[in-house]
Amino acid sequence: MHPVNIPQKILDANLRRRGRVHAIESIDPRKTALVVVDMTNAWLVPGMSCEIAEARTIIPNINRIAGALRKAGGVVAWTQHSWGEWPHFYEQFTTEEWRKAAFLDSAVGSFGHHVHADMNSDPADIYVTKNRPSAFIQGSSDLEQRLRARGVDTLIITGTLTNACCEASARDASALGFRIIFVADGTATRTDEEHNAALINVMQYVADLRWTDEVVELITGRG
């Protein structure tokens with residue numbers, strides 16, 4: 001897992017603005033969803049074009065949260081990214097060779113599109129295919145509607161990449177009115193620097209930054 005290093009001046013600034021350490025101090029598990037972002041074979045299996053090796057290290061933490069939340073009556077939702085018919089954005093930032101491999105590896109129905117076998121998934125969970133970095137932006141998926149239909153008001157964000165799909169989903173969900181918990185040791189990306197930069201960004205005005213132990217305590221009522 002990534003080592004987390006939040007500068008003290010950031011922590012101090014948060015405390016001054018909020019008057020407390022954590023933005024979210026309690027949750028109702030029955031109105032809470034764990035959103036697992038793109039923990040699919042395309043990102044987890046060695047040798048796949050989108051592989052994020054660090055993402056394999058967070059599997060036990062995500063599974064632990066999923067088990068605790070299901071037991072408490074909450075919702076677990078999985079996003080499975082596929083670019084589909086929307087490649088144009090990536091033309092600015094990637095080679096044609098990379099795009100072709102990534103689009104193929106994440107195609108709906110492909111091996112890469114499936115949730116990884118080591119993840120604690122359940123047929124009763126919510127599964128959505130998204131085609132944008134954020135699962136909550138218009139046109140990406142119907143995750144917002146499906147969560148609201150279940151009365152969800154709080155989201156626990158985990159998965160990969162911390163600074164891409166996880167951060168984008170957290171920002172858009174927050175703008176839509178959801179309460180957001182972002183799991184520092186339940187998200188992963190390419191480098192420690194990118195991970196910490198994303199955590200610093202979201203913890204200030206988007207999400208409450210928590211660790212797996214703390215999240216489980218919130219779910220079980222011991223936090």
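Key figures for this structure:
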read-out	value
Degrees between helix 8-18 axis and first principal axis of the chain (Cα, 0 to 90, nearest 10)	60
Contact order relative to length of the range 1-81, as percent, for alpha carbon pairs under 8 angstrom and 6 or more apart	38
Gaussian network model of the chain, Cα within-10 Å springs - most flexible of ILE156, ILE24, ILE65	ILE24
The range 51-144: relative contact order in percent, alpha carbon pairs under 8 Å with at least 6 residues between	33
For the chain, built as a Gaussian network whose Cα springs stay under 10 Å, the top-fluctuating residue of LYS71, LYS100, LYS130	LYS100
Listed residues VAL183, THR220, VAL36: farthest to the positive end of the dipole of the chain (Cβ charges)	THR220
Farthest toward positive dipole pole in the chain [+1 Lys/Arg, -1 Asp/Glu at C-beta], among SER110, LEU155, ALA55	LEU155
Proximal aspartates and glutamates to LYS31, defined as alpha-carbon separation beneath 12 angstrom and excluding residues fewer than eight positions away on the same chain	ASP153
Longest to shortest principal axis, alpha-carbon extents of the chain, angstrom	50, 39, 31
Dipole moment magnitude, nearest 20 debye, the range 154-223 about Cα centre, only Lys, Arg, Asp, Glu C-beta charged	240
Cα→Cβ-extended label distance, 7 Å offset, between ILE200 and PHE111, nm	4.0
Residue with peak Gaussian network fluctuation, the chain [Cα springs, cutoff 10 Å], from ASP12, ASP125, ASP38	ASP12
Overall form of the range 46-147 per C-alpha gyration tensor (a/c, 1.5; a/b vs b/c)	oblate
Under DSSP loop assignment and at most 14 Cβ neighbours within 10 Å, longest GluC sites (Glu not before Pro)-free interval of the chain	86-223
Relative contact order (%) - criterion: Cα under 8 Å, at least six apart; region: the chain	28
Computed magnitude of the charge dipole of the chain (debye, nearest 20; Cβ of K, R +1, Cβ of D, E -1)	820
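Quick note: the coordinates plus some simple rules give every number you see, no bench work behind them. Because the structure is predicted, anything quoted here is derived from the model rather than measured. Every residue, glycine as well, gets a Cβ built from its backbone with ideal geometry; the counts of neighbours run over all protein chains shown.
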